[in-house]
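Let me begin by presenting the structure, written as structure tokens, before commenting on it.
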Amino acid sequence: MATAAVKEEPIEEVDFETRFIMLCQASPEGITDNVIQKELPQCDTKQRMTIVNRLLSMGKIDLLKSGSKLLYRLKDPDSASQVKGGDNQEKLVYQIIKDAGNKGIWIRDIRFKCNLLLTQVNKILKNLETKKLIKAVKSVAASKKKVYMLYNLEPDRSVTGGAWYSDQDFESEFVEVLNQQCFKYLEQRAAAAREAKSDPIAQRNASFTPLEDVWKYISDLGISKVQLSKEDIETILNTLIYDGKVERSLVAGQATASGDGYVKLYRSVQPLIPTTGLMRMPCGACPVFDQCYEGGAVSPTTCVYMKEWLEI
Amino acid sequence: MTRRQHDVCRFLLFQQFGEQVSVVGKYLLQKSPSPLHLISSETHLDTEQVKKILCILIQQNIVTFGQHKRGFIEYSIRTGEILNRLWFPKYIYCAKTLYGDAAELLLEDVLQRGQVQMSKVIEVVMQRFNEALETSGKQKISESFVVDKFSNLVRTHFLQRCLDPIKSESNKVVGLEVTGEEETLYRLPDLSRKRKKSHDDGPPAKRSKSERPADDEGDGIFWRVNNERFHQMFRDQAIVQAISSKIDRSAGEVLRAMLRVSEVKTAGMATVTTPISVTEIFNALPKDLMARPLLETYLSLICDDSTNFLSKVGDSGGGMYSINIYEALAQLVKAHIESVVQERFGSKCLRIFRVLLLKKHLEQKQIEDFVMISAKEAKDLLYTLFSENFITTTEISKTPDHAPSRTFYLFTVNIQHVASMVLNRCYKALYNAMVKKETEVNEHRRLLDKQERMEAIAASVEDASQRDEILNTITPSEQEQIIKVRRTIQMLDHSELQICEGIFILEMYLMYFKQRQKDKS
Ligand code: SF4
């Protein structure tokens, strides 16, 4: 086909990929670069590299060294063959862990599922770990709990906790700082809107800020070491909604990459009432409220809180 | 009625009517209804005394009576009426802003006497008003001016007729009733006939129960203040204020106009006002406030707002709108409660509390995820809220044995429950403030009296140096003390008022809530 006189349509990378895999399948011992070059002459070096990288990262092929040459070999789709040399128990445990996916599985549940003794399971796990077939990940859900998953998997957010966790510790302060910064930003937008527009509707609309803008603002601030996603910012904005400081409104817009066709708008809002009267005097938050009565050890006439408050 | 409210009631009775009345009041608070002889024997006061006290309390609308089926008369106390006394200053202020100084005096007089004939109040008000005008060198007012104000107050239902007595065969009054339609409560006597100069027939306050002057040119009619009408007014004010602070002043004005229009059309306890058209609202707005397009803008703005105060119910007449009174009160109550949570437990607790308000039922894990607080802290805060009864749990068990490991614990907020709890706290705080104020005043009574006396004397002397001399009898240290005490009293006064505002909203909401329960069942 290389000799065809007709100018060829550029073959899609995907096509190369399938051809590449077919080649590998043809020779289970592995293929070298040379073979590929010969069989797929249209595919230049750069394209080849991307394909190899892709397949590697997807875990479809292995990279081996034979002598001075690199050898690509298709990974055996039958996972059990991964634990060649391992006995059946090992295979069983491997299978259980594989089924758990990137959420991982707890050692107790492994035992429960395979019906082996704890010592046995421990040994097998250790084996698999040294073979780098599986790994242990600490879960944020419980600090002492370890979950196991296949070595090449990226742990799920529910295990690592995403951006809000560093070493299984929830970063409350980080969340609070972001919470305040988001609010500050929305406040600024609202203040600007109040100044610029006189029409109440225009004013309200101008104070509505899309999620996108908040996200950009926070990213530009550079307070976060990790890259925060839009979803992360949305979680933060949600806490502001729960705080009662911000309201959200969904507006139908052009479908974005996230796909739901809604634009999420946020704006800071004014409270309905000032602090309620009860809390503006000491009794509101008094720790000995229930023990306080006339003639008692604490009473309104002798109360120190009252006294302090009245003397300010 | 809870103990906290009783405390406040007793205190108010004591403060306004003295020791003995408060003794009778206290007894009735516990044992209503009671016949005369029981009251007197239990309180160790002699019958005549008790009779007099009851007379006063009936006159002040605090005590009512009815016939027991065995024939004797029983007396019961109305706690609501006593607590309403907290609002009297507000009633008066309200009358003043609506109808001016003469109405202020009118209301003051009616409130002071409880039940009163029209001619009596008018006479008193005329006198006081003219005295004041005379000293300031202004022209006197005519009687018809005051009569007008009175009629205004009646027409707008701020004043109403007292109930008519029910008489037994032996011509004894055995109870009170509304005769005829509710409207008759607001019917003014025929004023076209020239009234006789009112004759002096002793203090009107001691109205004997069995004999009443015949319906003579309206003088047989007794009038009193219609508390509910004032409360409705305050309720509306609270709604208007809330929207003003949430959106802006003009939005508040729009709601105010709507409430004014609906006032006459909507039944007393309706949870939603009757629909009002844009045209009606526009006509009710103060002139030059806004053009019609802007009004329409505001209406849709208030409708869109998360507060849900207003909803569009139809399209005729340029759009029909109605105000959700119940919804508005619910929002306001939540705002008050949230404020309590915020100030007492901090903003993180408020976040948890509001998540529960928004999502109704949640498991602990879900709450932690929503509020973005570390699991340990969230657990702590949840427990705090739980132990202070701001949140409750529901158990849902997968198995009938309710084993903890197979049971879900869902957290939730019961807003009525929290509202009555906060209300109780308000009453106690109010009581504490009142007690504190009382002791402050008593402790420094001599000093305060002295100052007042000196100032009164100083005001009456002409000579400047003499005046200084008199004022100087108050030493600087005393002066300092006085300033401090006055400030203390003022602070406590102020905080009483603020607490009362919270109480008002909470009471209103609970009242509407009960009403709604009743309507549903
Ligand atoms: S009077 Fe003092 S001790 Fe009593 S409840 Fe109030 S603050 Fe607490």
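At q = 0.04, 0.05, 0.06, 0.11 Å⁻¹, what log₁₀ I(q)/I(0) does a Debye calculation on the Cα points of the protein assembly as shown give, no solvent, two decimals?
Computed log10 I(q)/I(0) values: -0.32, -0.47, -0.63, -1.45.
So the label point goes 7 Å from the Cα of B:D315 along Cα→C-beta, right? Which residues of the range B:270-298 then have their backbone N under 16 Å from it?
B:278
Near the amide H of A:L70, under 5 Å away, which other amide H atoms are found, from residues 5 or more places off or on another chain, if H is placed in the peptide plane?
A:D33
Mind pulling the angle between the C-alpha long axis of helix B:3-17 and the longest principal axis of chain B? Nearest 10 degrees, somewhere in 0 to 90.
Once rounded, the angle reads 20 degrees.
Could you tally the net charge around A:L278, taking each other residue with its Cβ under 9 Å from the Cβ of A:L278, Lys/Arg +1 and Asp/Glu -1?
+1
So how far apart, in nm, are the two label points at A:D44 and A:T18 if each is 7 Å from Cα heading toward Cβ?
So the two model labels end up 2.5 nm from each other.
Determine the per residue accessible area of the protein assembly as shown with all protein chains present and a 1.4 angstrom probe, expressed in square angstrom. It would help to have the intermediate numbers written out before the result.
Numbers: 44990 Å² over 833 residues.
Result: 54 Å² of accessible area for each residue.
Highest mean first, how do B:316-327, B:346-357, A:285-296 rank when packing is the count of other Cβ atoms within 10 Å averaged over residues?
B:346-357, B:316-327, A:285-296
Could you report the buried accessible area between B and A, both sides summed, computed with a 1.4 Å probe and given in Å² to the nearest 100? List each step's numbers first, then the result.
Working: alone 28560 and 20830 Å², together 44990 Å².
Accessible area lost upon association: around 4400 Å².
What is the Rg over Rh value, at two decimals, for the range B:3-77, using alpha-carbon atoms and the Kirkwood definition of Rh? Walk me through the numbers on the way to the answer.
Working: Rg = 11.6 Å, Rh = 12.2 Å.
Across the range B:3-77, the Cα-based Rg/Rh ratio is 0.95.
Using amide H atoms built 1.01 Å from N in the peptide plane, name the residues 5+ places from B:M320, or on other chains, whose amide H lies under 5 Å from its own.
Amide H neighbours of B:M320, under 5 Å, 5+ apart: B:V313, B:G314, B:D315.
Which whole-Hz ³J(HN,Hα) couplings does the range B:45-60 yield from phi under the Karplus relation 6.51 cos²θ - 1.76 cosθ + 1.60, θ = phi - 60°, glycine and proline marked x?
Each residue's phi maps through the Karplus curve to give 10, 7, 3, 4, 4, 4, 4, 4, 4, 4, 4, 4, 5, 5, 4, 8 Hz.
Within a 10 angstrom radius of each residue's Cβ in B:430-438, how many Cβ atoms of other chains show up on average? Whole number is fine.
5
Just to confirm a number: summing +1 for Lys and Arg and -1 for Asp and Glu over residues other than A:E187 whose beta-carbon lies under 10 angstrom from that of A:E187, what do you get?
+4
Anything losing 20 Å² or more of accessible area from the isolated chain to the full protein assembly: pick those residues out of the range A:192-231, probe 1.4 Å, ligands and DNA/RNA ignored.
A:P200, A:I201, A:R204
Within 10 Å of each Cβ in B:481-494, how many Cβ atoms from other chains are there, averaged over the peptide?
Rounded to a whole number, the mean comes out at 2.
Rank by packing, highest mean first: peptides A:145-155, B:428-438, B:239-249, with packing defined as the count of other Cβ atoms within 10 Å averaged across residues.
Descending packing order for the listed peptides: B:428-438, B:239-249, A:145-155.
If I take all pairs of Cα atoms in the range B:380-521, what percentage of them are more than 20 Å from each other?
Values: 6986 of 10011 pairs.
Of the Cα pairs, 70 percent sit more than 20 Å apart.
If each of B:Y93 and A:E247 carries a label point 7 Å out from its Cα toward its Cβ, how far apart are those two points in nm?
The two pseudo-label positions are separated by 2.9 nm.
Check B:L310: other-chain or 5+ apart residues with amide H under 5 Å from its amide H, H built from backbone geometry?
Amide H to amide H, under 5 Å and 5 or more residues apart or across chains, B:L310 pairs with B:N324.
Give me the distance between the Cα centres of the range B:319-353 and the range B:390-432, rounded to whole Å.
Value for the Cα centre distance between the two parts: 18 Å.
Per residue of chain B, what 222 nm ellipticity follows from adding -39500 (n - 2.57) for every DSSP H run with n ≥ 4, rounded to the nearest 500?
The helix-only estimate for chain B comes to -20000 deg cm²/dmol at 222 nm.
Ignoring ligands, DNA and RNA, please state the percent of accessible area on the range B:343-413 from carbon and sulfur, probe 1.4 Å.
Taking all protein chains in place, the range B:343-413 shows 53 percent carbon and sulfur surface.
Find the eigenvalues of the gyration tensor of the Cα atoms of the range A:172-268, then list the square roots of 5 times those eigenvalues as equivalent ellipsoid semi-axes, largest first, in whole angstrom.
Over the Cα atoms of the range A:172-268, the semi-axes work out to 22, 17, 12 Å.
Over all directions, what mean area does the Cα convex hull of the range B:51-180 project, stated in square nanometres? Kindly include the intermediate steps, with their values, before the conclusion.
Numbers: hull surface 40.5 nm².
That works out to 10.1 nm², a quarter of the Cα hull's surface.
Can you figure out the FRET efficiency of A:T275 with B:K365, using R₀ = 30 Å and their beta-carbon distance, to the nearest 0.05?
On the way: r = 32 Å, r/R0 = 1.08.
It comes to 0.40.
At a cut-off of 50 Å², which residues of the range B:293-315 become less accessible once all protein chains are present than in their chain alone, using a 1.4 Å probe?
B:L301
Give the shape of the range B:229-323 as rounded, prolate or oblate, defined through the alpha-carbon gyration tensor: a ≥ b ≥ c are the square roots of its eigenvalues, a/c under 1.5 means rounded, and otherwise the shape is prolate if a/b is larger than b/c and oblate if not.
On the way: a/c = 1.36, a/b = 1.17, b/c = 1.17.
Taking the square roots of the gyration eigenvalues as a ≥ b ≥ c, the range B:229-323 is rounded.
On a 0 to 90° scale, report how tilted helix B:88-99 is relative to the longest principal axis of chain B, with both axes built from alpha carbons and the result rounded to the nearest 10.
For B:88-99 against chain B, the angle is about 80 degrees.
Spelling out what I want: for every residue of the range B:477-488, take phi, set θ = phi - 60°, compute 6.51 cos²θ - 1.76 cosθ + 1.60 (Karplus), and round to whole Hz; glycine and proline get x.
5, 5, 4, 4, 4, 4, 4, 5, 4, 4, 5, 4
Compare B:R155, A:R280, B:R446 by solvent-accessible area with a 1.4 Å probe and give them largest first, with all protein chains kept in place.
Reading off the accessible areas and sorting them downward yields B:R446, B:R155, A:R280.
Mind checking the angle between helix B:375-387 and chain B's longest principal axis? C-alpha axes, 0 to 90 degrees, to the nearest 10.
With rounding to tens, the tilt is 40 degrees.
Under a crude label model (7 Å from the Cα following the beta-carbon direction), how far is A:A136 from A:E176 in nanometres?
3.4 nm
I need the phi-derived Karplus couplings for the range B:310-316: 6.51 cos²θ - 1.76 cosθ + 1.60, θ = phi - 60°, integer Hz, Gly and Pro marked x.
10, 9, 8, 10, x, 10, 5
What percentages make up the Cα-Cα pair-distance distribution of chain B when the bins are 20 Å wide from 0?
Reading the bins upward from 0: 17, 44, 33, 6, 0.
The values are calculated or read from the model by the stated rules, or taken from the named source; none is laboratory data. Everything numeric here is computed off the predicted structure, so don't read it as measured data. All Cβ positions, glycine included, derive from the backbone under ideal geometry; neighbour counts span all protein chains shown. Heavy atoms of the whole protein, side chains included, go into the accessibility calculation; ligands, DNA and RNA do not. Shrake-Rupley method; radii C 1.70, N 1.55, O 1.52, S 1.80 Å.
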